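Working notes, beginning with the structure itself.
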Amino acid sequence: MTPEAQRVLKPAKRILLKVSGESFCPPNERGISMDSVNHLAAQIVKVAEQGVQVAVVMGGGNILRGGQLMATSGAQTLQEATAHYMGMLATVINGNALHDALQAMNQEPRLMTSIRMNEIAEPYLWRRAISHLEKGRIVILAGGMGAPFVTTDTASAQRALELQADYLIKATKVDGVYSADPNKDPNAVFYPELTFDEAIEQRLLVMDAEAFAKCRAHSLPVMVINFRKEGLLERAVRGEHVGTIIHI
Ligand code: UDP
């Protein structure tokens, strides 16, 4: 890391926002609280109204993560692939909630899924997603990659590259990347800036390694910001250094 550097990115025209499922419920709870969804949706609308094109990759951890389910109760009878598909379905449940929250704010969002669900969402096609973005529609991408054994972090990196986003913004419950979980370790050190290699070497598990590798290979900057703090997303899309910036 270069501590002297106050890295500032260029203002974004198009972003890929990774929203974790935990932003859809109050701290330490599970499931969906529409108050939480509305809070996040309002922040997304603010940046969309400034002319920034926004694609959102939806997480599902507030409902179900395949790995966690296997570790806690599933291993006897559940196949691991099934558990991951259940996790992908959780992201679709969340995507539906975000869709309606955005629509209630006078937006014309589009919900696209990587697993075909034609009755409730459009199939994800990258060209069509770009076309929606160019029309100013917020595009919600659910179902991850449509394949098990990865997380929505990997889907975020993949979609950010396909959709030619200027950068990937990961909205988390903490201020950025730390040496340890700051909610558990009072000595956790905050990193305002990191290279992908540093993040991987130090096993800073803010995104999975596959996602990092994709971003690094294509020089796609990642910003990690706190979704609970009002106004940070607006500042992030202007290229301001809020949270942690991870770069090549
Ligand atoms: N998942 C998957 N393939 C994907 C994306 C997600 O199998 O491409 C499953 C995986 O089990 C994951 C769960 O869906 O744990 C929910 O996604 P994630 O854990 O990324 O949600 P978040 O932690 O961001 O809320």
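Simple spin-label model, 7 Å along Cα-to-Cβ: GLU240 to ARG128 in nm?
3.7 nm
What whole-number distance in Å separates the alpha-carbon centres of the range 138-202 and the range 58-77?
Rounded to whole Å, the Cα centres lie 19 Å apart.
I need the calculated FRET efficiency for the pair GLN202 and LYS10, taking r as the beta carbon distance and R₀ as 35 Å, to the nearest 0.05. Walk me through the numbers on the way to the answer.
Values: r = 27 Å, r/R0 = 0.78.
Efficiency for this residue pair is about 0.80.
Give me the percent relative contact order of the range 93-177, please, defined on Cα pairs under 8 angstrom at least 6 residues apart. Write out the running numbers ahead of the final one.
Working: 84 pairs, mean separation 20.5, N = 85.
The value is 24 percent.
Leaving ligands, DNA and RNA out of it, report the carbon-plus-sulfur percent of the accessible area of the range 152-205 at a 1.4 Å probe.
47 percent
Sum -39500 (n - 2.57) across every DSSP H segment of at least 4 residues in the chain, then divide by the residue count to get the 222 nm mean residue ellipticity, nearest 500. Kindly include the intermediate steps, with their values, before the conclusion.
Details: 8 runs with 85 residues, N = 248.
One gets -10500 deg cm²/dmol as the mean residue ellipticity at 222 nm.
Over the range 114-248, what is the percentage of antiparallel beta bridges among all DSSP beta bridges, to the nearest 5?
Among the beta bridges of the range 114-248, antiparallel pairing accounts for roughly 40 percent.
With Rg and the Kirkwood Rh both taken from Cα atoms, where does Rg over Rh land for the range 149-202? If you can, show how the numbers build up before the last one.
Values: Rg = 13.3 Å, Rh = 13.1 Å.
With Rh from the inverse mean 1/r over Cα pairs, Rg/Rh is 1.02.
Considering every Cα-Cα pair within the range 184-248, what fraction, in whole percent, is farther apart than 16 Å?
49 percent
With all protein chains present, calculate the accessible area of MET207 using a 1.4 Å probe and round the result to the nearest 10 Å².
In the full protein context, MET207 sits at about 10 Å².
At 0.36 nm per residue, minus the direct Cα-Cα distance, what do GLU119 and ASN183 gain on full extension? Give it in nm, one decimal, please.
Contour length minus Cα-Cα distance gives 19.0 nm.
Run the 1.4 Å probe and let me know the accessible area of LYS229, rounded to the nearest 10 Å².
So the heavy atoms of LYS229 present about 90 Å² to solvent.
Using the heavy atoms of the protein chains alone and a 1.4 angstrom probe, what is the accessible area of the range 180-231 per residue in square angstrom?
Accessible area per residue, the range 180-231: 54 Å².
Determine the alpha carbon to alpha carbon distance for each of LYS13/LYS184; LYS46/LYS184; LYS18/LYS214; LYS135/LYS214; LYS184/LYS214; LYS46/LYS214 and list only those over 25 Å.
Too far apart for the 25 Å limit: LYS13/LYS184; LYS46/LYS184; LYS135/LYS214; LYS184/LYS214; LYS46/LYS214.
Rolling a 1.4 angstrom probe over the protein chains, ignoring ligands and nucleic acids, what is the accessible area of HIS241 in square angstrom, nearest 10?
Surface accessible to solvent at HIS241 totals approximately 30 Å².
Can you sort LEU133, LEU161 by solvent-accessible area, 1.4 Å probe, largest first? All intermediate terms of the calculation are to be shown ahead of the outcome.
Numbers: LEU133 0, LEU161 55 Å².
I get LEU161, LEU133, largest accessible area first.
Using a Förster distance of 30 angstrom, determine the FRET efficiency expected from the C-beta separation of LEU78 and GLU230, and round it to 0.05.
0.15
When averaged across all projection directions, what area in nm² does the alpha-carbon convex hull of the chain cover?
13.0 nm²
The values are calculated or read from the model by the stated rules, or taken from the named source; none is laboratory data. Predicted model only: the values in this text are computed from it and were never measured. So basically every Cβ, Gly included, is an ideal-geometry build from the backbone, and we count neighbours across all protein chains shown. Keep in mind that these areas ignore ligands, DNA and RNA; they rest on the heavy atoms of the full protein, side chains included. Shrake-Rupley method; radii C 1.70, N 1.55, O 1.52, S 1.80 Å.
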